[in-house]
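Asks: Handing you a structure now.
The values are calculated or read from the model by the stated rules, or taken from the named source; none is laboratory data. Being a predicted model, the structure only gives us computed values, none of them experimental. Quick reminder, even Gly has a Cβ in these numbers, built from the backbone with ideal geometry, and neighbours come from all protein chains shown. To get the accessible areas, we keep the full protein, side chains included, count just its heavy atoms, and leave off ligands, DNA and RNA. Shrake-Rupley method; radii C 1.70, N 1.55, O 1.52, S 1.80 Å.
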Amino acid sequence: MKKLILFGPPGAGKGTFSGQIKDVLPEIIHISTGDIFRENFKNETPLGLKAKSYMDKGELVPNDVTIEMVRDRLNKKDVEKNGFILDGFPRNMSQAKALSEITQEDFFLLLEVSRDIITKRILGRFSCSECNEIYNKYTLQPKVQKEENKWICDKCGAEIEFKQRSDDTEETLKNRLDTYEKNAKPIIKYYKKRGKLKKVDATDTLKYTKDDIRNIIGI
Ligand code: AMP
């Protein structure tokens with residue numbers, strides 16, 4: 001049972017890397033705070049509607065809401081039994097400290113990638129609306145293309161269209177990267193001090209074999 005925190009700038013490939021971890025540890029629970037907010041918005045819950053106004057500006061959703069949401073999820077039985085990959089949390093020091101009170105992580109995996117690559121990834125990324133498989137218009141298209149901007153999902157066979165996430169615009173991206181850079185330093189220092197920091201070159205994580213991934217997560 002592993003408890004992993006995935007940390008890195010937007011577009012570092014946290015979602016893709018989580019999928020690679022699940023390939024070697026299928027039972028582990030992937031918890032993405034961004035996905036939970038988007039799911040809530042889709043279902044028009046009060047939490048989703050509140051989060052959306054921050055997300056659209058590239059700002060962080062307030063800590064009280066976010067921390068409670070993560071606490072609830074981490075305290076569920078499936079997570080206690082199977083471990084977790086926490087993706088997108090913590091994003092500031094208050095969240096990091098709150099998390100240490102909720103649970104003790106095995107590793108804090110820092111995904112490192114240049115700003116150039118991030119921009120390309122974010123502005124080209126899209127996902128399958130049925131199964132959430134992640135693709136990129138420039139670097140990782142589904143295998144079967146039907147027409148301009150339309151493909152068949154490799155994983156579930158649904159027809160998918162290139163559609164950016166509403167917060168994946170150039171202007172919002174700048175804000176999100178600035179927010180990340182401002183908050184990242186003390187968080188990285190905090191986990192380094194706890195002896196949990198592990199750096200991962202995320203320029204192209206798909207080049208990692210299953211053994212590489214096992215090595216990274218210590219199984
Ligand atoms: P992501 O999918 O991780 O890029 O997150 C998308 C957006 O959701 C972020 O830009 C924030 O507005 C919000 N969000 C996700 N995780 C957090 C968090 N830990 N704290 C505050 N806001 C978050």
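Asks: Return yes or no: is K22 at pLDDT 95 or above, farther than 21 Å from I118 by Cα and out of contact with any Lys or Arg (no Cβ under 8 Å at 6 or more places or on another chain)?
Replies: Values: at pLDDT 95 or above: yes; farther than 21 Å from I118 by Cα: yes; out of contact with any Lys or Arg (no Cβ under 8 Å at 6 or more places or on another chain): yes.
For K22, the condition - at pLDDT 95 or above, farther than 21 Å from I118 by Cα and out of contact with any Lys or Arg (no Cβ under 8 Å at 6 or more places or on another chain) - is met.
Asks: Right, another one. Considering only region 41-51, how many residues are more than 9 Å from the ligand (Cβ to nearest atom) and in a helix (DSSP H, G or I)?
Replies: The number of residues fulfilling the criteria is 7.
Asks: Please state which of the following conditions E59 fails to meet, knowing it meets all the rest: (1) assigned to a helix (DSSP H, G or I); (2) open to solvent by 50 Å² or more (accessible area, probe 1.4 Å); (3) near the ligand (Cβ under 8 Å from one of its atoms).
Replies: Unmet for E59, out of (1) assigned to a helix (DSSP H, G or I); (2) open to solvent by 50 Å² or more (accessible area, probe 1.4 Å); (3) near the ligand (Cβ under 8 Å from one of its atoms): (1).
Asks: Give the residue, chosen from R121, R165, R176, that is in contact (Cβ under 8 Å) with a residue 12 or more places away in the chain and open to solvent by 60 Å² or more (accessible area, probe 1.4 Å).
Replies: Being in contact (Cβ under 8 Å) with a residue 12 or more places away in the chain and open to solvent by 60 Å² or more (accessible area, probe 1.4 Å) holds for just one of R121, R165, R176, which is R165.
Asks: Looking only at region 129-172, count every residue that is away from the ligand (no atom under 16 Å from the Cβ) and out of contact with any strand residue (DSSP E or B) (no Cβ under 7 Å at 6 or more places or on another chain) and tell me the total.
Replies: Going through region 129-172 one residue at a time, the tally reaches 13.
Asks: Is there a residue in region 80-100 that is open to solvent by less than 20 Å² (accessible area, probe 1.4 Å), more than 11 Å from the ligand (Cβ to nearest atom), under 18 Å from the mean Cα position of the chain (by Cα) and of a type in the set (V, I, T)?
Replies: Checked against the condition, which is being open to solvent by less than 20 Å² (accessible area, probe 1.4 Å), more than 11 Å from the ligand (Cβ to nearest atom), under 18 Å from the mean Cα position of the chain (by Cα) and of a type in the set (V, I, T), region 80-100 yields at least one hit.
Asks: Cβ-Cβ below 6 Å, separation at least six or inter-chain, first residue in region 94-106 and part of a helix (DSSP H, G or I), second surrounded by fewer than 19 Cβ atoms within 10 Å (Cβ to Cβ) and among the hydroxyl-bearing types (S, T, Y): which pairs?
Replies: Once the first residue is part of a helix (DSSP H, G or I) and sits in region 94-106, its partners that are surrounded by fewer than 19 Cβ atoms within 10 Å (Cβ to Cβ) and among the hydroxyl-bearing types (S, T, Y) give A96/Y190.
For every residue, the table says whether it meets (1) open to solvent by 70 Å² or more (accessible area, probe 1.4 Å); (2) in contact with a Leu (Cβ under 7 Å, 6 or more places away or on another chain); (3) touching a residue at least 24 places away in the same chain (Cβ under 8 Å).
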position: N136; (1), (2), (3): no, no, no
position: V144; (1), (2), (3): yes, no, no
position: W151; (1), (2), (3): no, no, no
position: A158; (1), (2), (3): no, no, yes
position: K199; (1), (2), (3): yes, yes, yes
position: A202; (1), (2), (3): no, yes, yes
position: I217; (1), (2), (3): no, yes, yes
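Asks: Taking the criterion of being loosely packed, with under 15 Cβ neighbours inside 10 Å, closer than 18 Å to V200 by Cα and among the acidic types (D, E), would at least one residue in region 66-75 satisfy it?
Replies: No, region 66-75 has no match at all.
Asks: Quick one: which of G11, G34 is buried (at least 18 other Cβ atoms within 10 Å of the Cβ), assigned to a loop (DSSP other than H, G, I, E, B) and within 13 Å of the ligand (Cβ to nearest atom)?
Replies: Just a single option satisfies the conditions, and that option is G11.
Asks: Step by step: first the residues of region 66-79, then only those that are over 18 Å from the mean Cα position of the chain (by Cα), outside any loop (DSSP other than H, G, I, E, B) and more than 16 Å from I28 (Cβ to Cβ), then the one that is farthest from the ligand (Cβ to nearest atom). Which residue is that?
Replies: So, considering only residues that are over 18 Å from the mean Cα position of the chain (by Cα), outside any loop (DSSP other than H, G, I, E, B) and more than 16 Å from I28 (Cβ to Cβ), the one farthest from the ligand (Cβ to nearest atom) is D72.
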